[in-house]
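Heads up: the structure comes next, in structure tokens.
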Amino acid sequence: MHEKLACLPGSPARILITATADETVVAVSAELDQRSTSRLREALADETSLGPPVLVADLSGLTFCSVSGLEVLTEAARAAAAAGVEFVVVAAQRAVVRPLRVLGLDRELRVVGRLAEAVARNAAARTLAAEVG
């Protein structure tokens, strides 16, 4: 769906958006800190307003995630729920998973370890709908 971008330590976050009819993936790489949280907030809000069935925040390319970055994710999850959009966070690396667990956000957000997991449930639902319909 998208390629991973190599980033130097201290690089501000890069945001890459990939959309299909079934899901939109907002992939973030490098460091999510004060310099880039407003860009991510805007990207997630814009994509939520388009009403995709699933909105995925793919953080698998992050090397650092600030508390303000985590706030953006919880805000986006609430906005997505209000809009009827499923919101999924992809994160497996310690820089993201540990703060999520420490702050208890892993109970508020749907967090999966790989992008394939984020889109697989939606694909399974489409298959079931196709078989029933």
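The values are calculated or read from the model by the stated rules, or taken from the named source; none is laboratory data. As the structure is a computational prediction, the values presented were derived from the model and not from experiment. As a convention, Cβ positions derive from the backbone with ideal geometry for all residues, glycine included, and neighbour counts pool all protein chains shown. All accessible areas refer to the heavy atoms of the entire protein, side chains included, with ligands and DNA or RNA removed. Shrake-Rupley method; radii C 1.70, N 1.55, O 1.52, S 1.80 Å.
Taking 7 Å steps out from each Cα toward its Cβ at Gln34 and Ile17 produces label points 2.6 nm apart. Accessible area ranking (1.4 Å probe, heavy atoms, ligands and nucleic acids excluded), largest first, for Leu50, Leu59: Leu50, Leu59.
Here the Karplus relation 6.51 cos²θ - 1.76 cosθ + 1.60, evaluated at θ = phi - 60°, turns the backbone of segment 70-77 into coupling constants of 5, 4, 4, 5, 5, 4, 5, 5 Hz, with x for every Gly and Pro. Computed from the Cβ-Cβ distance with R0 of 25 Å, the FRET efficiency linking Asp46 to Glu117 stands at 0.55. Computed from the Cβ-Cβ distance with R0 of 22 Å, the FRET efficiency linking Arg94 to Val67 stands at 0.90. In terms of Cα atoms, the Rg and Dmax of segment 76-120 work out to 10.9, 30 Å. Annotation: for a label point projected 7 angstrom from Cα along Cα→Cβ of Asp106, no residues of segment 62-78 have a backbone N closer than 12 Å.
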